[in-house]
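What follows is a set of notes on a single structure, which appears directly below.
The values are calculated or read from the model by the stated rules, or taken from the named source; none is laboratory data. Bear in mind the structure is a predicted one, so any value in this text is a computation, not a measurement. Cβ placement follows ideal geometry from the backbone for every residue including glycine, while neighbour counts extend to all protein chains displayed. With ligands, DNA and RNA removed, areas are computed over all heavy atoms of the protein, side chains included. Shrake-Rupley method; radii C 1.70, N 1.55, O 1.52, S 1.80 Å.
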Amino acid sequence: MELKTVVIDAGHGGHDPGARNGSVYEKNITLSVAKKLGDLIKKNYPSVKVIYTRSDDRFVELYRRAEIANSNHADLFISIHVNAAQDRSARGHETFVMGQGKSGENFEICRQENSVIVLEEDYSSNYQGFDPDDPESYIIFSLLHNAHLEQSTDFATLVQQYAGNGPVANNRGVKQANFIVLWKCSMPAVLIELGFISNPNDLRTLTDKNSQQRIAENIFKAFRQYKQGYDTDIVIPSDSGALPAQKPGGMFGIQIMASGRLLENGAPEFRGWTCRHIRSGKIYKYYVGSYATREDAEKDLKTVRASFPEAFIINTAQP
């Protein structure tokens, strides 16, 4: 297995400026970093096909961005954004994967990014009546199974680790949230918030060309490490949402959640299930069961999903 195609998505564009601070627009920052990242990948991996959802200042509908990735059979989707908040002290970088985020703060970020759809023609039909300002509309996401949550979280964790080297200070971690741009991607996908345009310190960094290059280099380092694992079968996306057998006699489990903190057995988050965990960077991945083969795990997957709809099978053998 080889990572052959990556889609880089510069958030916003055209008549959608994204977040703004005076004359500084999110759409310009995201495009600059996206192109710098693409140049690094093309220079270091000539065999990797780099596709941009936009390479200039144009408007691209959110659903089209996923269509571009899906139609090109991309192995990875990277969406680049810049955050904003009413509280000017909010700062730092964070990376999101598609999932049922629970905090009010995450909902506000989702609302900001998803509200772009109202700029599209006939957006109600394109998104099955979804209203980005109505919390109840997000219930649809809780019914979805993200087949690539494991791989998306692995890449997001690497992005945050390398971003910790600066130039944007304050690592806000890996989070789950219901972003439309990630919704219909049929491959591992992340949304990176580079920093806060509303914060004076972050703003200075985000608009500095040298800092933008450093940011792109950090994301590239995450890509490089992720690709190394992907190409050597340490991380392998699968349409079924499960990891194929990677080592003879490898053990399998059913992952129910991931968290940045260590939870004790009996924690309410486990809903009565007895769980084990493995650690990947700063992320704890919690799973139930221990199976000799993936086929054995599949027999219990439906039962586990009755409690955890997004559960999926993983190889629990540490690389």
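Worth pointing out:
- Any hit, segment 155-168, residues being surrounded by 18 or more Cβ atoms within 10 Å (Cβ to Cβ), touching a Pro at 6+ places or on another chain (Cβ under 7 Å), part of a loop (DSSP other than H, G, I, E, B) and modelled with pLDDT of 60 or more: no
- Looking only at segment 265-285, and only at residues there that are within 23 Å of the chain's Cα centre (by Cα) and more than 16 Å from T316 (Cβ to Cβ), the one that is most open to solvent (accessible area, probe 1.4 Å): K282
- Test result for A222, of a type in the set (G, A, S) and either farther than 21 Å from T53 by Cα or at pLDDT 95 or above (or both): no
- Restricted to segment 49-66, and to residues there that are in contact (Cβ under 8 Å) with a residue 60 or more places away in the chain and not basic (K, R), the residue that is surrounded by the most Cβ atoms within 10 Å (Cβ to Cβ) is L62.
- Residue, farthest from D16 (Cα to Cα), within segment 51-75, restricted to residues that are among the aliphatic types (A, V, I, L, M) and within 18 Å of the chain's Cα centre (by Cα): A74
- So V190, is it at pLDDT 95 or above and under 18 Å from the mean Cα position of the chain (by Cα): yes
- Of the strands (runs of 3 or more DSSP E) contained entirely in segment 256-319, those carrying at least 3 residues that are of a type outside the set (V, I, T) fall at 276-280, 283-291.
- Whether a residue is open to solvent by 40 Å² or more (accessible area, probe 1.4 Å), among the hydrophobic types (A, V, I, L, M, F, W, C), at pLDDT 70 or above and under 23 Å from the mean Cα position of the chain (by Cα) was assessed, and L262 passes this test.
- Just one of the listed residues (G281, G272) is at positive phi and touching a residue at least 60 places away in the same chain (Cβ under 8 Å), namely G281.
- The set of residues in segment 1-36 that are at positive phi and free of Cβ contacts under 8 Å to residues at least 60 places away in the same chain comprises G13, G14, G22.
- For segment 129-154, filtered to residues that are of a type in the set (D, E, K, R) and at pLDDT below 80, the residue that is surrounded by the fewest Cβ atoms within 10 Å (Cβ to Cβ) is E136.
- Close Cβ contacts (under 6 Å, 6 or more residues apart or on different chains) running from residues in segment 289-317 that are more than 16 Å from E150 (Cα to Cα) and among the polar types (S, T, N, Q) to residues that are open to solvent by 20 Å² or more (accessible area, probe 1.4 Å) and not in a strand (DSSP E or B) comprise S290/M251; S307/R271.
- The residue that is nearest to V7 (Cα to Cα), counting only those in segment 195-235 that are touching a residue at least 60 places away in the same chain (Cβ under 8 Å) and among the polar types (S, T, N, Q), is Q225.
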